[in-house]
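The values are calculated or read from the model by the stated rules, or taken from the named source; none is laboratory data. All values derive from a computational prediction rather than experimental measurement. Cβ coordinates were reconstructed from backbone atoms using ideal geometry, including for glycine residues, and neighbour counts include every protein chain displayed. Ligands, DNA and RNA are stripped out before the accessible areas are found, and what is left, the full protein with its side chains, is counted by its heavy atoms. Shrake-Rupley method; radii C 1.70, N 1.55, O 1.52, S 1.80 Å.
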Amino acid sequence: GCILDGKLYPFGEIARTDNCFRCSCSREAIRCCSLFHTPTRYDKENCKVIFNKKSCDYDVVQKSDPSKECIVYSRV
């Protein structure tokens, strides 16, 4: 198998790692891509970015009230 972040994964496709990546594990290498998109355009003065490990994505919430989401205009 392949070791990623100290964890052993079997050969083949890995739908989701503990750190929110999709990977392909072979005898030659492990190749991964992220399952999340980083917010780039949002109200940085009034909002903050928090990584949500359960959904494997970033939440953008109000600094004054994190229970309220902010509008995100673009992600990469």
TODO: Please specify each residue of the range 39-67 satisfying the condition of being out of contact with any Ser or Thr (no Cβ under 9 Å at 6 or more places or on another chain), over 21 Å from ALA15 (Cβ atoms), in contact (Cβ under 8 Å) with a residue 12 or more places away in the chain and surrounded by 12 or more Cβ atoms within 10 Å (Cβ to Cβ).
DONE: ASP43, CYS47, LYS48, VAL60, GLN62, LYS63, PRO66
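Conditions (1) of a type in the set (S, T, N, Q); (2) touching a Leu at 6+ places or on another chain (Cβ under 6 Å); (3) in a loop (DSSP other than H, G, I, E, B), marked per residue:
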position: PHE36; (1), (2), (3): no, no, yes
position: THR40; (1), (2), (3): yes, no, no
position: LYS44; (1), (2), (3): no, no, yes
position: PHE51; (1), (2), (3): no, no, no
position: SER55; (1), (2), (3): yes, no, yes
position: VAL61; (1), (2), (3): no, no, no
position: SER67; (1), (2), (3): yes, no, yes
Task: Filtered residue count, the range 30-53, keeping only those that are among the charged types (D, E, K, R), within 10 Å of the chain's Cα centre (by Cα) and more than 11 Å from CYS20 (Cα to Cα) - done: 0
Open item on the list: Pairs please, first residue from the range 16-27 and of a type in the set (D, E, K, R), second anywhere and open to solvent by 40 Å² or more (accessible area, probe 1.4 Å) and outside any loop (DSSP other than H, G, I, E, B), Cβ atoms under 7 Å, 6+ apart in sequence or on different chains.
Closed with: ARG16/ARG22; ASP18/LYS7; ARG22/CYS32; ARG22/CYS33
Task: Flag for ILE71 being of a type in the set (A, V, I, L, M) and open to solvent by 90 Å² or more (accessible area, probe 1.4 Å) - done: yes
